[in-house]
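Here's the structure, in structure tokens; my notes come after.
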Amino acid sequence: MTTAVGTRSAETAAARRIHELESALGDPWDPDNPHGHRAVLEADDRSELPEETVRLLHTLGLAAEFVPERFGGRFERVDLLARMLRPVFRRDPSLGVGFGAGSFLAAVSVWAAGTEQQQRRTAELLLGGGRVAVAYRDLAHGNAFLRDEFGLTEDEDGLRLDGAKRVIVNAEHAAALVVFCRTDERPGSRSHSAVLLERATLPRDRVRDLDRFPTVGLRGCTMSGLAFTDCPVPRDALLGGWGDGVQLALSSFQLTRSVLPSMVLAGVDTALRTALRFALDRGVNGRPVLRNPQAKASLAGSFADLLVCDSLALTSTRAAHLHPEATGVYAAATKYLLPILLSDTVYDLSVLLGSSLYERSGAYGIFQKQVRDLPITSLGHSGTAACQSTVIPRLPVLAEHAWLAEPAPAPGLFRLRDDLPAFDPGRLGVAGTGDPLLAELADFAAGSTAVTAAGEYREVLETLVRTLGAELHELRSAARALAGRRRDDLADPRSYALMDRYSLLLAAASALGVWRHQNCGPDQFLARPEWVVLALLRICRRLGLGLAGRPAPGTETAVLDELLRRYRMGGSFDLYDDPTAAVPAG
């Protein structure tokens with residue numbers, strides 16, 4: 001499908017829904033707000049979701065965001081879906097996963113491979129307030145607490161499901177389940193199939209709920225398991241064809257691996273807002289924060305890192321519409337890199353809070369919850385090893401056919417509010433040989449006239465892009481050397497280092513593209529050079545490229561000024577600067 005989505009109206013409608021959701025959730029720091037931090041922390045202590053907020057989200061019909069428009073929902077753009085869940089993740093990642101993202105992760109497989117009847121039934125369940133859970137095969141996502149697996153067999157009487165899995169998000173509360181099962185003992189890509197099951201239709205004596213699995217983070221999110229014993233399964237429960245499970249999972253990951261990190265970064269928005277609130281209220285090491293150079297550098301750098309993370313999340317989700325053949329690599333790189341950058345950001349901010357980091361209540365108690373939630377939320381359904389195994393084998397192909405050989409992509413990949421072609425899940429799962437993001441970086445490194453827009457920062461920006469361009473040339477040579485090696489031989493420290501370098505270059509390219517192509521009213525700050533200079537310098541440090549230790553004069557001040565402006569105006573700390581209900585202290 002190539003029909004253009006009426007995205008200007010979609011963008012306006014999404015912004016209105018975000019505003020309505022934020023207004024309904026209210027000021028998170030108001031202790032009397034039933035949807036605020038105090039209520040979230042109290043529910044977390046009980047290992048529950050905040051029930052009043054769950055009811056509110058049902059009332060607002062948030063589940064419609066996961067359902068395609070043709071089935072009565074509001075899902076039409078991947079980047080807007082991720083943005084719609086950010087207000088929830090800013091409040092409580094447990095709520096974001098337990099109420100929203102968990103169901104979307106499951107439903108993606110239905111939208112991609114389900115029959116018309118399966119899709120309509122799933123839409124009815126979600127729109128009616130039900131949840132859907134997914135149980136992936138363990139080796140597909142590489143993060144199982146225990147290596148359990150389901151097996152599906154076929155005989156003259158039908159299909160039979162056996163086995164157990166200990167950790168499934170929302171297994172206890174789900175009205176329907178997408179279950180990936182082994183259907184062939186032989187290894188290979190045809191070894192698994194997927195089924196869509198409605199819990200109410202399964203015989204009770206053949207299904208057993210397993211005990212809840214306690215976790216340090218996401219305490220309110222129910223993680224329990226299921227055991228099936230010779231459970232009959234209707235033949236029409238099969239998703240796709242027999243043996244299609246591995247390909248279906250990989251196709252789904254091309255979407256979910258970019259969407260989930262894009263949602264999760266909103267929790268770091270709250271961590272940054274809390275640290276800034278603390279620093280302005282109490283100072284840092286006995287000094288007002290605005291007179292403490294180290295504290296200012298930490299806050300400005302954290303904000304720049306959050307913008308870089310959102311730039312990569314933006315391009316990865318928009319690529320699902322514009323460059324679906326590249327989405328698999330981009331989504332895996334996003335899922336790999338963002339947890340690393342965001343965890344480092346939260347650590348840097350924790351230093352500002354000192355001993356208050358351990359407060360579990362009060363104005364700053366929400367920070368420690370975000371610290372606990374981020375690692376397990378970021379792990380989600382796809383761990384580091386799984387993302388590496390997706391990207392590393394593709395590097396020699398991209399090095400040979402794409403890097404330094406493609407023209408820069410069209411601006412739509414980077415523009416926050418531009419139209420997009422309609423999303424077609426059927427186009428996922430096919431890997432191409434193009435890499436439009438690194439084409440953007442190569443265009444800059446080759447001497448793009450865009451750097452003239454950097455004004456007084458032109459010289460430093462030219463140095464940064466030349467340095468990153470040289471890194472791309474070195475990466476190309478190293479990746480070409482991987483050609484011909486077996487997949488099993490790629491699992492070594494040298495290949496892992498290439499994955500790290502490649503992901504950081506994607507982030508740099510995304511930030512450059514966002515900076516170059518934002519020039520409309522709401523996004524004027526993104527068109528200024530200070531944030532991208534600071535962001536690229538931090539990426540170069542991560543790459544070990546030996547640039548000067550201090551940022552260009554004025555960049556930290558300009559970025560911190562924007563952070564303070566958004567804090568006082570209640571704007572979000574991502575690319576969008578969406579209005580939030582957060583009221584600054586004082």
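Below is a table of values for the structure above.
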| quantity | calculated |
| --- | --- |
| Residue match in the stretch 329-338 (condition: farther than 21 Å from Gln388 by Cα and either over 12 Å from the mean Cα position of the chain (by Cα) or among the aromatic types (Phe, Trp, Tyr) (or both)) | no |
| Single residue of Gly217, Gly188 found to be outside any helix (DSSP H, G or I), open to solvent by less than 80 Å² (accessible area, probe 1.4 Å), modelled with pLDDT under 95 and at positive phi | Gly188 |
| Any pair with Cβ under 6 angstrom, 6 or more apart, that starts in the stretch 513-536 at a residue that is farther than 14 Å from Gly455 by Cα and ends at one that is hydroxyl-bearing (Ser, Thr, Tyr) | Val514/Ser311; Leu534/Thr555 |
| Options Ala399, Ala386; residue that is surrounded by 16 or more Cβ atoms within 10 Å (Cβ to Cβ) and either outside any helix (DSSP H, G or I) or modelled with pLDDT of 95 or more (or both) | Ala399 |
| Residue count for the stretch 559-586, restricted to those that are open to solvent by less than 10 Å² (accessible area, probe 1.4 Å) and small (Gly, Ala, Ser) | 3 |
| Among the candidates Leu374, Leu307, Leu337, residue that is open to solvent by 10 Å² or more (accessible area, probe 1.4 Å) and in a helix (DSSP H, G or I) | Leu374 |
| Residues located in the stretch 30-65, provided they are surrounded by fewer than 21 Cβ atoms within 10 Å (Cβ to Cβ) and assigned to a loop (DSSP other than H, G, I, E, B) | Asp30, Pro31, Asp32, Asn33, Pro34, Arg46, Ser47, Glu48, Gly61 |
| Test: residue in the stretch 106-117 that is over 21 Å from the mean Cα position of the chain (by Cα) and either open to solvent by less than 10 Å² (accessible area, probe 1.4 Å) or free of Cβ contacts under 8 Å to residues at least 60 places away in the same chain (or both) | yes |
| Filter result (of a type in the set (Gly, Ala, Ser) and surrounded by 24 or more Cβ atoms within 10 Å (Cβ to Cβ)) within the stretch 513-554 | Gly513, Ala535 |
| Helices (runs of 4 or more DSSP H) enclosed by the stretch 73-143 - at least 2 residues per element that are touching a Pro at 6+ places or on another chain (Cβ under 7 Å) | 102-113 |
| Residue that is among the aliphatic types (A, V, I, L, M) and under 20 Å from the mean Cα position of the chain (by Cα), where the choices are Leu25, Leu81, Leu49, Leu56 | Leu81 |
| Ser510 open to solvent by less than 60 Å² (accessible area, probe 1.4 Å), of a type in the set (Gly, Ala, Ser), in contact with a helix residue (DSSP H, G or I) (Cβ under 6 Å, 6 or more places away or on another chain) and farther than 23 Å from Leu265 by Cβ | no |
| Matching option when the condition is open to solvent by less than 10 Å² (accessible area, probe 1.4 Å) and touching a helix residue (DSSP H, G or I) at 6+ places or on another chain (Cβ under 6 Å), among Ala454, Ala450, Ala431 | Ala454 |
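The values are calculated or read from the model by the stated rules, or taken from the named source; none is laboratory data. For clarity, every value in this text was computed on a predicted model and none was experimentally measured. All Cβ positions, glycine included, derive from the backbone under ideal geometry; neighbour counts span all protein chains shown. Ligands, DNA and RNA are excluded from the accessible area calculation, which covers all protein heavy atoms including side chains. Shrake-Rupley method; radii C 1.70, N 1.55, O 1.52, S 1.80 Å.
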